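The structure under discussion appears below in the form of structure tokens.
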Amino acid sequence: MAKTAEKSAVREFRAEARFQRTSPQKAKLVLDTIKGQSVENALNTLMFTRKRIAPVVEKALRSAVQNANYLSQEQGFDLDIDRLFVKQAVANEGPRMKRIRPAPMGRAFRYQRRLAHIIVTVAEKKSAEATQAETSVAAAAEGGKKKAAPAKKAAAKKAPAKKAAANKKAEATA
């Protein structure tokens, strides 16, 4: 239960750019380049990316950072914007626009224009002190589990002895 309380302490901030006129597949190419990066590195990457959707992703990322800044001031908790990183960057499929293209001999071919919903989530990286505290808590919790493990091993050793006795009886009858 302590781990769930610690995970809820890490705040996430998100921004969405909905109904963008690009396919989710093309948007994912750009989003995959910034996942896991610090916000500063992600903005630099987006600035030099030569894809049409890159400025839209940059705008969504800046919006997520501003959301984080605004909520930290509004709710009064301490947030270091320099430690923010891109936790999640997703392009979901939006509604499709159905279009018709003229074809030979009076026929018509249907095609679809795809739209994407781009979601960028940023979170604050934990400090080195916080990660050390978590590892010590996790080690203390595992220490209690290790004491119970030898009892399981002893039970496991007894089980093969029963199988060996059953095999001897089978050999004697054969």
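Annotations for the structure displayed:
- The range 2-125: relative contact order in percent, alpha carbon pairs under 8 Å with at least 6 residues between: 40
- This ranking places R83, R14 by how few other beta-carbon atoms lie within 10 Å of each, fewest first, which gives R83, R14.
- Per-pair calculated FRET efficiency, R0 = 41 Å: V10 and Y111 via Cβ, rounded to 0.05: 0.40
- Near M47: Cβ cut-off under 15 Å, other residues only, Lys/Arg at +1 and Asp/Glu at -1. The net charge is +3.
- Diffusion coefficient (Stokes-Einstein, Kirkwood radius over C-alpha pairs, 20 °C, 1.002 mPa s) for the range 2-125: 133 µm²/s, rounded to a whole number.
- Environment charge at K26 (Cβ cut-off 10 Å; Lys +1, Arg +1, Asp -1, Glu -1): +4
- Applying a threshold of 22 Å to the alpha-carbon distances of K35/K98; K26/K59; K51/K126; K51/K125 flags K35/K98; K51/K126; K51/K125 as lying beyond it.
- Net charge of Cβ neighbours under 13 Å - reference V120; Lys, Arg +1; Asp, Glu -1: +3
- Inter-centroid distance (Cα atoms) of the range 72-110 relative to the range 25-41, Å: 13
- A full extension of the chain between Q25 and K51 corresponds to an added length of 8.1 nm, given 0.36 nm per residue minus the alpha carbon distance.
- GluC sites (Glu not before Pro) within the range 55-129: DSSP coil, no more than 10 neighbouring Cβ in 10 Å: none
Any read-out appearing in this document is the output of simple, stated calculations on the displayed coordinates, not a laboratory observation. Computed from a prediction, not measured in an experiment: that's the story for all the values here. Backbone-built Cβ (ideal geometry, glycine too); neighbour counts: all protein chains shown.
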